[in-house]
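Asks: Before we start, here is the structure in question, set down as structure tokens.
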Amino acid sequence: MKRPRTYFILNLGCPKNEVDGQSLEFQLIQRGLSPSDPEEADILIVNTCGFIADARQESIDEILRLAQLKHDGTILAVTGCLSQRFRKELLAELSEVDYFFGISSPDTVADILLHQEPKHLDCTFEVSQTYQSSGGRFINPGSPYAYVKIADGCDNLCSYCAIPLIRGGYRSRPIDDVIKEVDFLLSNDIKEIILIAQETTRYGQDLARNENLEYLIKEICADDRLKWLRILYAHPARTRKSLLQIIAEENKVCSYLDLPLQHISDNMLSRMNRGITASRIKTLVSSMRNEFPEIALRTTFLLGHPGETQDNFEELSRFVEEARFENLGCFVYSEEEQTASAAMENKISSEIASERYEQLMLIQSTIAENHNRQRMGKTFQAIVDSLDSAENIYNCRLQSQSPDIDGNVRLVGYPRQLKPGDFANIKITGYDLYDLDAIIADETALRMVK
């Protein structure tokens, strides 16, 4: 039996899944394996997403695509949320796959792949009652930012969501373990730390007293090497004024908050089991706009959930026009087995849901363009993500732009003296719906905008 020496891993889905994939990569590298192109790799791994139907189909398509690259001795493995939830079904349908793993124990997964001995494979499907440290993680070469997972699982039990079925209840990561990983990342020249979890604002509920998200932020910001810290996946029911204050006042914390709202109609918030009313959401957004106007807001909405009436959708559309979110995404409802929503009546056709999606994104496109127009001629600090050599353009971001999900800045007319992770003072010179054009600002006329 040939000992595998190289691997290729494809991470699909959300940043949380990406971090899980990087934890597995770390374990493989610790055992002497090296990353490789998929055509040459001894081990092919698909780290799947199982959140909605489109993501599941993408995962299956990628499994089948990589299966075609197998040659003598190649191992094809599948891990992640899809494998965790549909192990039996995948085993029956995908004979091309050598190993199916769950979401746990990346060290065990690495041992099995290295020695091709399936002993203890079942433990990778066991979900612990406490947060289990992965022991380390791989860093994407050249990336100036890194996601740090501060919890796993979820207690919210939103009626449409299968995450609690896949990942279990909410488990906060011990603060010392988070700080250890942040130290490792900063030591490897990461400039922006992005905190993620299924919900970040619930962090610390199962830890010692006072160890909440605000406490964690302060601990991370105490490190002088940190440049930017960003918060994703806040829940409106637990977005406290103390959190907003630290975002607004701490220079290292980006003036940005990702706040998935899902809907604004009380009918839909109740059906979705969101644990909050429309009145509380509107009060929260209004107070943020009035007391903390510098914080850029990103949100997400779910369209076509069972029971969503035309009046509910129109109420949501009016709210979006009034709230004027800097960044907004939405997705069409996908029925998930064993969720409360799957058993609900008054299903919405995919055609109507898609129409509502298009209408809401059209409203948001006008809002986003207006936000970009207001940035014209102003000077900001931006982080350099990459250089597009073909176009001679630096891809950058403002504090109001999260990687992968928001727009970016195209920095032009500057010699190739910058590298990923550098910060530049830039002046906005142009825009389209979601992206900005910029040049290096005149240092003598710099007007920093956080």
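Asks: Quickly run through region 134-156 and pick out the residues that are at pLDDT 95 or above and over 17 Å from the mean Cα position of the chain (by Cα).
Replies: Asp155, Asn156
Asks: For region 217-239, enumerate the residues that are crowded, with 20+ Cβ neighbours inside 10 Å and more than 28 Å from Asn273 (Cα to Cα).
Replies: Ile217, Ile220, Trp228, Leu229 - these are the residues of region 217-239 that are crowded, with 20+ Cβ neighbours inside 10 Å and more than 28 Å from Asn273 (Cα to Cα).
Asks: Here's another thing I want to ask about it. I'm trying to understand the selection: among the residues of region 309-332, which are closer than 21 Å to Leu157 by Cα and either assigned to a helix (DSSP H, G or I) or touching a helix residue (DSSP H, G or I) at 6+ places or on another chain (Cβ under 6 Å) (or both)?
Replies: Correct list: Cys330, Val332.
Asks: Hey, another quick one. Residues that are under 27 Å from the mean Cα position of the chain (by Cα) and in contact (Cβ under 8 Å) with a residue 60 or more places away in the chain: does region 60-75 have at least one?
Replies: The answer is no, given that none of the residues of region 60-75 is under 27 Å from the mean Cα position of the chain (by Cα) and in contact (Cβ under 8 Å) with a residue 60 or more places away in the chain.
Asks: Scan region 391-411 and report the pairs whose first residue is more than 12 Å from Leu436 (Cα to Cα) and whose second residue is among the basic types (Lys, Arg) and at pLDDT below 95, with Cβ atoms within less than 8 Å and a gap of 6+ or a chain change.
Replies: Hits for this filter: Asn392/Arg416; Gln399/Lys450.
Asks: Do we find a residue being closer than 21 Å to Leu216 by Cα, crowded, with 20+ Cβ neighbours inside 10 Å, in contact (Cβ under 8 Å) with a residue 60 or more places away in the chain and not aliphatic (A, V, I, L, M) anywhere in region 264-287?
Replies: no
Asks: Here is a further query. Of all residues in region 47-96, which are hydrophobic (A, V, I, L, M, F, W, C), under 23 Å from Leu114 (Cβ atoms) and assigned to a loop (DSSP other than H, G, I, E, B)?
Replies: Passing the criteria: Leu69, Leu94.
Asks: While we're here: I want to confirm something. Restricting to region 1-44 and keeping residues that are in contact (Cβ under 8 Å) with a residue 60 or more places away in the chain and of a type in the set (Val, Ile, Thr), which single residue is farthest from Leu114 (Cα to Cα)?
Replies: The residue in question is Val19.
Asks: What residue, among those in region 97-119 that are part of a loop (DSSP other than H, G, I, E, B) and within 28 Å of the chain's Cα centre (by Cα), is surrounded by the fewest Cβ atoms within 10 Å (Cβ to Cβ)?
Replies: Checking each candidate, the answer is Val97.
Asks: Kindly indicate the residue of region 39-77 that is charged (D, E, K, R) and farther than 19 Å from Leu91 by Cα and also surrounded by the most Cβ atoms within 10 Å (Cβ to Cβ) among those meeting that condition.
Replies: Result: Asp42.
Asks: Being of a type outside the set (S, T, N, Q), farther than 15 Å from Gly32 by Cβ and touching a His at 6+ places or on another chain (Cβ under 9 Å) is the filter here, so list the residues in region 97-115 that pass it.
Replies: Ile112
Asks: Still on this structure, I have one more. Considering only region 248-257, I want to know if a residue exists there that is small (Gly, Ala, Ser), under 30 Å from Ala340 (Cβ atoms) and in the same structural domain as Gly307 (by TED's automatic domain parsing).
Replies: no
Asks: Using the structure shown, decide if Ser23 is farther than 23 Å from Glu335 by Cα, of a type in the set (Gly, Ala, Ser) and in contact with a Lys or Arg (Cβ under 7 Å, 6 or more places away or on another chain).
Replies: yes
The values are calculated or read from the model by the stated rules, or taken from the named source; none is laboratory data. What you see is a predicted model, and the numbers here were worked out from it, not measured in a lab. So basically every Cβ, Gly included, is an ideal-geometry build from the backbone, and we count neighbours across all protein chains shown.
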